[in-house]
Amino acid sequence: MINFKLQLTRAKESSRNLRIASSSQKNIFLLKLADSLIENKNEIIKENNKDIEKAQGLTKAMLRRLTLTGDILKEMARGLRQIAEVDDPVGQIENMNTMFNGMKVGRMRVPIGVILFVYESRPNVIIDAAGLCIKSGNTLIVRGGKEAMYSNVVLLKYIKRALVAANLPENGVQQLEDRDYETLSKVVKETEYVDLIVPRGREKLISSIKEASMVPVIAHERGVCHAYVDSDVNIEKAIKIIINSKVSNPSTCNSLEKVLIHKNVADKILPSLIKEFINNEVEVRGDKTVCKIDRHCKKATKEDWDQEYLDLIITIKIVDSFQEALVHIENHSSGLSDIIITENNVRAQDFLNNVNSASVMVNASTRLTDGAAFGLGAELGISTSSIHMRGPMGLKDLTVTKYVVLGDGQIRE
């Protein structure tokens, strides 16, 4: 096992080379890695099956997050190819202005440096993270969950081979080998080597990293996502959006967890909506009014309104007004993604103006809050932090700017 300080040193050294790597090199890496996922799918799935076999006590949703299939590998490869097609932000100069003395001042996009990515369960995210970090010129250190150890190791093998094929530093992507939690608590304090930390996973994990870290942290917080069904609504459209938001993949952070329905349309939409949920094996919890509609509905507790299920469970509430819905979302949303379903353009705009989440949507599934769906190719995470990196974090979000000055002998007078 390699000492973590040695890994950090190697990462810092690799960072200098990646910072000036050509777009061509970075794209060769992406395309080589994409091909490797398809060509070696049998080995990757075999290693993933080892993780699945040793997994115990996981819900169906958690098991789904852990599982890799041929189709999922194809999607992972497609995401890498999309990243290759996106313009390289590194070196782009923005807002070049000429000053009164003829000096030109602009801002050039440059890599952040060394990024520590801490995540759980989903082994596919190591591929997204590697693709985005290398394309944006950053060095990546990952610490995946122990439940996906075999999967992460085999995927890292092909990441390193693709780096070598592109003549990029092999240590541009590393997995933290010392898995002791005390080691992680030390790494997050290494400001000399680590420039940014992005944690994804349980609330407890993210909180502990934020509390211990001396390095800047961009948090991928839990996803307590809401849908508000307005009084001016197309019922068929609303049901389609809500069911997709919950059922298409309930184990993701952009899955819908709470539905708020205006009282004027509750009787019209609830019977059909609950029937659709039950047909899709979704457990429905709700307030008194909702539970009167169908005997399968369970009474919601106070805790339900703040809980991220990541499973086939939904909680529904009837609200008296648009304003009540806004207050409820303000108090209970995690700030990741919230949607309104309405045919009223004025109310839709009011919703966009009032809801302070990383992604606010009108008449669209919460599941579309995603880097690929937003045209970013992929995402390192969905930032809920109230700083410039907010929402799905794509290539541009993994760069910062430095001022560049073009002069011709100008001096300070």
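The values are calculated or read from the model by the stated rules, or taken from the named source; none is laboratory data. Source: prediction; values computed, not measured. Backbone-built Cβ (ideal geometry, glycine too); neighbour counts: all protein chains shown.
If the condition is being in contact with a helix residue (DSSP H, G or I) (Cβ under 7 Å, 6 or more places away or on another chain), over 19 Å from Leu132 (Cβ atoms), modelled with pLDDT under 95 and of a type in the set (A, V, I, L, M, F, W, C), then the range 155-191 contributes Val187, Val188.
Looking at this structure, is Glu53 buried (at least 19 other Cβ atoms within 10 Å of the Cβ) and acidic (Asp, Glu)? Spelling it out, it is not the case that Glu53 is buried (at least 19 other Cβ atoms within 10 Å of the Cβ) and acidic (Asp, Glu).
Quick check on the range 141-162. Is at least one of its residues more than 22 Å from the chain's Cα centre (by Cα) and without any contact (Cβ under 8 Å) to a residue 60 or more places away in the chain? Taking every residue of the range 141-162 in turn, at least one turns out to be more than 22 Å from the chain's Cα centre (by Cα) and without any contact (Cβ under 8 Å) to a residue 60 or more places away in the chain.
Pick from the range 171-187 the residues that are free of Cβ contacts under 8 Å to residues at least 24 places away in the same chain and of a type in the set (D, E, K, R): which of them is surrounded by the most Cβ atoms within 10 Å (Cβ to Cβ)?
From the range 171-187, those free of Cβ contacts under 8 Å to residues at least 24 places away in the same chain are 180-182; that's our starting set.
Then keep just the ones that are of a type in the set (D, E, K, R); that gives 180, 182.
On the way: Asp180: 11, Glu182: 8.
The extreme case among them is Asp180.
Within the range 184-238, the set of residues being of a type outside the set (S, T, N, Q), under 30 Å from Lys275 (Cα atoms) and assigned to a loop (DSSP other than H, G, I, E, B) comprises Arg222, Gly223, Val224, Asp230, Asp232, Val233. The number of residues in the range 304-356 that are β-branched (Val, Ile, Thr), assigned to a loop (DSSP other than H, G, I, E, B) and either within 21 Å of Glu283 (Cα to Cα) or within 23 Å of the chain's Cα centre (by Cα) (or both) comes to 1.
Residues that are in a loop (DSSP other than H, G, I, E, B), touching a Leu at 6+ places or on another chain (Cβ under 8 Å) and not aliphatic (A, V, I, L, M) within the range 99-158 comprise Gly113, Glu120, Ser121, Arg122, Pro123, Asn124, Ser136, Gly137, Asn138, listed in sequence order. In the range 383-398, the residues that are not assigned by TED's automatic domain parsing to the domain that holds Val90 never reach a residue that is in a helix (DSSP H, G or I) with C-beta atoms less than 6 angstrom apart, at least six apart or across chains. Only one entry in Glu281, Glu257 is at negative phi, outside the structural domain of Pro199 (by TED's automatic domain parsing) and either touching a residue at least 12 places away in the same chain (Cβ under 8 Å) or part of a loop (DSSP other than H, G, I, E, B) (or both), namely Glu257. Restricting attention to the range 61-104 and to residues that are touching a helix residue (DSSP H, G or I) at 6+ places or on another chain (Cβ under 8 Å) and without any contact (Cβ under 8 Å) to a residue 24 or more places away in the chain, the residue that is farthest from Glu308 (Cα to Cα) turns out to be Thr67. Please work out if Ile115 is in contact with a helix residue (DSSP H, G or I) (Cβ under 9 Å, 6 or more places away or on another chain), surrounded by 14 or more Cβ atoms within 10 Å (Cβ to Cβ) and aliphatic (A, V, I, L, M). So Ile115 passes the test. Given Ile93, Ile44, which one is over 21 Å from Gly371 (Cβ atoms) and surrounded by 20 or more Cβ atoms within 10 Å (Cβ to Cβ)? Among Ile93, Ile44, only Ile44 is over 21 Å from Gly371 (Cβ atoms) and surrounded by 20 or more Cβ atoms within 10 Å (Cβ to Cβ). Here is the figure for the range 361-378: residues that are outside any loop (DSSP other than H, G, I, E, B) and crowded, with 21+ Cβ neighbours inside 10 Å total 3.
Rundown of residues vs (1) within 30 Å of Ile387 (Cα to Cα); (2) touching a His at 6+ places or on another chain (Cβ under 7 Å), yes/no style:
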position: Val142; (1), (2): yes, no
position: Lys157; (1), (2): no, no
position: Ser185; (1), (2): yes, no
position: Val188; (1), (2): yes, no
position: Arg200; (1), (2): yes, yes
position: Glu236; (1), (2): no, no
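Considering each of Asp350, Asp311, Asp338, Asp306 in turn, give the residue that is touching a Pro at 6+ places or on another chain (Cβ under 8 Å) and among the charged types (D, E, K, R). Sole residue among the options that is touching a Pro at 6+ places or on another chain (Cβ under 8 Å) and among the charged types (D, E, K, R): Asp311.
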